[in-house]
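Engineer: First the structure, then my questions, so here it is.
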Amino acid sequence: MQQSFLEYVLDDLQKKNVPIGSCIYVLPSKRSGTFLKKHISNQFNKNIFSPEIISIEDFVAQIAGITTAPTIDLLLELYGVYLNSAVEVHDDFLTFLKWGQTLLQDFNEIDRYLIPAKDILNYLSAIKELNHWSLKKDKTNLVENYLLFWNHLESLYSKFSENLLAKQKGYQGLVYRTAVDKLEGYKQNTTNKPIIFIGFNALNTAESNIIQSFLEQSDNHIYWDIDSCFLNDPVHDAGLFIRNYKQEWSYYRTRNILGVHNSYSSKKSISVTGVPKSISQAKYVGKILQDIHSSSNNGIQNTALVLADESLLDPILQVIPSAIHEVNITMGLPLNKTVLYSFFLSFLELSISRTKKGWFYKDALKFITNPYSITVSSSEKNNPANVIAKDIKERNWIYLTPSNLSNYSSSSYLDAIFPNKSPSPLQWIENSLSLVQMLKDIFQQENNVMELEYLYRFYTLFNQLKQHVSTLDFITDLKSIKSFFKQLASTEALDFIGEPLSGLQIMGMLESRNLDFETVILTSVNEGILPSGKSNNSFIPFDIKREYGLPTYKEKDAIYTYHFYRLIQRAKNVYLVYNTETDVLEGGEKSRLISQLLTDESISDCITHTIASPEVKINPLPTETIVKTPLLLQNIKKVAGSGFSPTSLSNYIRNPIEFYKKNILKIRDLDEVEENIAANTFGTIVHDSLEQLYQPLIGQILNLEHLTSLDSEIPKVVKIHFEKNLSGIDITKGKFLLVYSVIVKYLHNFINKEKEQLSKHEIKILKLEEKYEIALNVPGLDFPIKLKGTLDRVDEVDGVIRIVDYKTGRVEPRNVKITEWEELISNYDKSKAFQLLCYSYMYSKKHGLHNHLQAGIYSFKNLNQGFLSFSFNGNTITTETLKTFETSLHQLIHEICNPDIPFVEKEI
């Protein structure tokens, strides 16, 4: 491998007779300092004390004499100043967090670029005055308060800075501005060790002034890592900032730029590959790593995996080949990317969602089915989480109430997650710490070191929260805690321990500064990620930023461009991977940087562009076939002996596999809470309500007085059966009130339809919800077979027996009419006709058939069509009809029981 940038710097210093062991090295980040120490040690044959190697941020803080405060502390301080400002109506802390971070970022930029705060903030206030949205001559109180905030922005900034400086703390920009003010005093009081600035690119005004001030001393030097190809190109963004420094710094009037090289045009292999979606990128990277490790004598040495999108870290860790034993991860894993974070977040959401009714079942199930919740619950007697989840589904609890929970024996787990009263922020934190302790006890017994590390970080986080909440009086509700908790979890990270100088190096873009690798793999090279594109995380408009020299998205794009080209310029093997599927949340199309590379004639011979995708084999799914084994035949005989129902036989007509699963294996649908009423429950309520209403009238001839009395009873009866079938729901409001009203309306319409019938016919109720069970003698089958079913209603209309089936779904007249007997047991569309014939057949077997009878359906969804009567070629049900049907029924059952005919799947 050719000489690295850091090695070049040390060699050049030695040529200048600079004592490299006695210098102060200032770098863009701490990461490259480890590699610099390694290269310095290689220059000496004896032991020496390590020279001072420091990041620019720590160097500036050293000059300023103040430390950079954590973001959370800064936001709390800013909110305190805001509450004491002259704004009449103040936002609560939850609302403040939504805009406070942006304001803090603007203050930071103003100070880093040494803009007079009074000028720019008053300018911004004047623009807001021009842009406010009120069209009325007299401003409303809302507009007045809005403008008052902007008018006092300069005083807010001043008071905020003053408070921080009094505590010897500051945000980065304030530290930088303070350092510039104290620079001369610092220079006079420090040693005369040479200061070497290495590998910078985009400097803010404060950094630029500080570095130029030190460069006035001849012993101090600055080295830029820039290829002449980019420096000499007047429009290439990779050299934008360094070209500007070369032209604007007085230092370069008599000196040349140090660090210019010609590495980009050296021989290299660049592979550009488009891969669909993020997980596929991770898997493709795993393949690249496997190929590199198996084909190289040195394995994976001198290889960097750079993640432009750092959220890919977790899937990347899952695909690293097991043969690679040395991996160093520079970036930390943010706590908000862990499963434990989702556990505590769902616990917080569960606590927030509590109402007077109790805990909403979805929030309760989400929490108690979390892996960590299952772990805690499983360690307790009777596993309360499992029991509660089962009861919620079986008892249809829309809300989990304290009275529901009183049925379970008390446990520390239940006491923590379902307290008697809604917890205060401090109480919620204490409950979370209790859960941490429960998990700690479990993982200590299992000796699960990784989980214990996660727990320790959250234990620290909750103690931070506790400290802040206990000293602040404006965090009074759990919603504010939620924003606070999410903010803390996003800034804290779980650090990895590895060997920083060998093996595979996994890092983000910024960690790659000053470092050179022989092989570079760069992922997520998409617009919106690399470069990050336009972002509007600022209150300062674009034109004001340009006016005052603040960086805009154009400068930020140039920063990403520099990092991208610097990363690949010395590498021999470069793998660039991008997502081919544009997604607003995960970046857009392939990056312009890739397009720029593909059109660069100087490297056209060494670059390839391909699209990779997972191998997809489309094999036609074989039709599912279940051969009737002796055991299966035994089960079929058992079902036949207990009785085939018309519905089960219809299932077979529809799809034999469905019949096999539902009626032979008894596989039922998963029990779920009916937040929206299920179709079968809707039908059950209608059937049960009609049975209760008409029960007193069995054996009587209906009259208008009967029906009028039934009409008035409908609301009360429907309510009874709602409570019976759906315990725990409220029919006085919301979606269940609508469903209740629909059922009541259906029954009123049915009674009205019955009244119309009475004006023309005499109706006598004979049976309601009567169960039938008859034995069948199927030729060729020598075991007991039964047909069973429940007839919704049997009545007599003008002396003719009528079998009535209620359907809450839509049924059309064509569904109950047949023209050919073959379609009855082959076409599921005729299943309603088949069921009606089954009911008629059972009735005739039990009561006999002297002449003819009618069988039909009342469909509540199209009740205006009246009674939908079965007919075969226009004729009602006769003895001949039932004999023909009996032949078809025997044929169907014989097919089901025939050992030589397997259950074969039908396309539905």
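Engineer: Which of the aspartates and glutamates could be linked to LYS167 by a straight reach, that is with a Cα gap under 13 Å, when you skip same-chain ones fewer than 8 residues away?
Structural biologist: Straight-distance partners of LYS167: ASP73, GLU77.
Engineer: Here's a follow-up. Could you pull out the GluC sites (Glu not before Pro) across segment 171-237 that fall in loop regions by DSSP (anything but H, G, I, E, B) with no more than 13 other Cβ atoms inside 10 Å? Before the final figure, lay out the partial values.
Structural biologist: Details: sites: GLU184, GLU207, GLU216; in loops: GLU216.
Here the GluC sites (Glu not before Pro) that fit, given the DSSP loop and packing criteria, are GLU216.
Engineer: Mind checking the alpha-carbon convex hull of segment 265-360 and giving the volume per residue in Å³? Display every interim value, and only then the final one.
Structural biologist: Numbers: hull volume 14.8 nm³, N = 96.
Each residue corresponds to 154 Å³ of Cα convex hull volume.
Engineer: I've got another one for you. Go ahead and estimate [θ] at 222 nm for the chain from helices alone: -39,500 (n - 2.57) per DSSP H run with n ≥ 4, summed, over the residue count, rounded to 500.
Structural biologist: Counting only the DSSP helices, I get -15000 deg cm²/dmol.
Engineer: Same structure, new question: Among HIS468, SER480, PHE458, which residue has its Cα positioned farthest towards the positive end of the charge dipole of segment 453-496, with +1 placed on the Cβ of Lys and Arg, -1 on the Cβ of Asp and Glu, and the dipole taken about the Cα centre?
Structural biologist: Towards the positive end, the residue furthest out is SER480.
Engineer: Next question, about the same structure. Compute the signed sum of charges (Lys and Arg +1, Asp and Glu -1) over the other residues within less than 13 Å, Cβ to Cβ, of HIS236.
Structural biologist: Taking every other residue near HIS236 into account, the sum is -2.
Engineer: Show me 356-364, 189-197, 616-624 ranked by packing, highest mean number of other Cβ atoms within 10 Å first.
Structural biologist: 356-364, 189-197, 616-624
Engineer: Let me ask something additional. Using only alpha carbons, build the gyration tensor for segment 807-886 and give me the equivalent ellipsoid semi-axes, biggest first, whole Å.
Structural biologist: 21, 15, 11
Engineer: Restricting the count to DSSP beta bridges whose residues both fall in the chain, what percent are antiparallel, rounded to a multiple of 5?
Structural biologist: Percent antiparallel among DSSP bridges in the chain is about 35.
Engineer: Continuing with this model, one more query. GLN505: net charge of surrounding residues, Cβ under 10 Å, Lys/Arg +1, Asp/Glu -1, itself excluded? Show your work: numbers first, answer last.
Structural biologist: Working: positive: ARG31; negative: GLU326, GLU499, GLU511.
Overall, the nearby charge balance is -2.
Engineer: Any idea which of PHE107, HIS748, SER642 is furthest toward the positive side of the dipole for the chain, if Lys and Arg beta-carbons carry +1 and Asp and Glu beta-carbons -1?
Structural biologist: SER642
Engineer: Relative to the Cα centre, what is the charge dipole magnitude of segment 184-300, using +1 at the beta carbon of each Lys and Arg, -1 at the beta carbon of each Asp and Glu, and rounding to the nearest 20 debye?
Structural biologist: Here the size comes out at about 400 debye.
Engineer: Kindly identify segment 336-494 as rounded, prolate or oblate by the Cα gyration tensor criterion: order the square roots of the eigenvalues as a ≥ b ≥ c, call it rounded if a/c is under 1.5, otherwise compare a/b with b/c, prolate if a/b is larger, else oblate.
Structural biologist: Note, shape of segment 336-494 comes out oblate.
Engineer: Which values of log₁₀ I(q)/I(0), to two decimal places, follow from the Debye formula for segment 23-107 at q = 0.15, 0.16, 0.22 Å⁻¹ with a uniform point scatterer at every Cα?
Structural biologist: -0.71, -0.76, -1.04
Engineer: Going through segment 376-452, which chymotrypsin sites (Phe, Trp or Tyr not before Pro) have at most 14 other Cβ atoms within 10 Å and a DSSP loop state? Don't jump to the answer; show the numbers that get you there.
Structural biologist: Values: sites: TRP397, TYR399, TYR408, TYR413, TRP428, PHE443; in loops: TRP397, TYR408.
Those that pass, being in a loop and sparsely packed, are TYR408.
Engineer: A further question on this structure: Label ASN680 and ASN297 with points 7 Å out from Cα along Cα→Cβ: what is the distance between them in nm?
Structural biologist: Reported label-point gap for ASN680 and ASN297 is 7.0 nm.
Engineer: Less than 15 Å Cβ to Cβ from GLY789, Lys/Arg counted +1 and Asp/Glu -1: what total charge do the surrounding residues give?
Structural biologist: Values: positive: LYS767, LYS771, LYS786, LYS788, ARG793, LYS807, LYS832, LYS845, LYS846; negative: GLU769, GLU770, GLU773, ASP792, ASP805.
With Lys, Arg at +1 and Asp, Glu at -1, the net is +4.
Engineer: Taking the dipole about the Cα centre of segment 336-494, with the C-beta of Lys and Arg at +1 and of Asp and Glu at -1, give me whichever of SER434, ASN407, ILE417 is farthest to the positive side.
Structural biologist: Towards the positive end, the residue furthest out is ASN407.
Engineer: May I pose another question? Between LEU83 and SER410, what is the label-to-label distance in nm when each label sits 7 Å out along the Cα-to-Cβ direction?
Structural biologist: The answer from the label model is 3.6 nm.
Engineer: Also: Span-like helices, the chain: DSSP H, alpha-carbon axial extent 30 Å or more, mean Kyte-Doolittle -0.5 or greater, which ones?
Structural biologist: Helices meeting the criterion: 425-446, 449-471, 704-725, 734-758.
Engineer: What's the magnitude of the charge dipole for the chain around its Cα centre, counting Lys and Arg as +1 and Asp and Glu as -1 at the beta-carbon? Answer in Debye, nearest 20.
Structural biologist: That gives the chain a dipole magnitude of about 860 debye.
Engineer: Oh, and also: With +1 on each Lys and Arg Cβ and -1 on each Asp and Glu Cβ, how big is the dipole of segment 294-371 about its Cα centre, in debye rounded to the nearest 20? Working shown, then result.
Structural biologist: Details: 6 positive and 6 negative charges, 136 e Å.
The calculation lands at about 660 debye.
Engineer: Sticking with this structure for a sec: Starting from the Cα gyration tensor of segment 672-760, multiply each eigenvalue by 5, take the square root, and state the resulting semi-axes largest first in whole Å. If you can, show how the numbers build up before the last one.
Structural biologist: Values: eigenvalues 144, 31, 23 Å².
The answer is 27, 12, 11 Å, longest axis first.
Engineer: Could you list the square roots of 5 times each eigenvalue of the Cα gyration tensor of the chain, that is, the equivalent ellipsoid semi-axes, sorted largest first and rounded to whole Å? It would help to have the intermediate numbers written out before the result.
Structural biologist: Details: eigenvalues 1140, 260, 140 Å².
For the chain, the semi-axes come out at 75, 36, 26 Å.
Since every read-out is calculated from the coordinates, none of them should be taken as a lab result. On a predicted model such as this, the values are computed, not experimentally measured, just so you know. Positions of Cβ are generated from backbone atoms using ideal geometry, with glycine treated the same way; all protein chains shown enter the neighbour counts.
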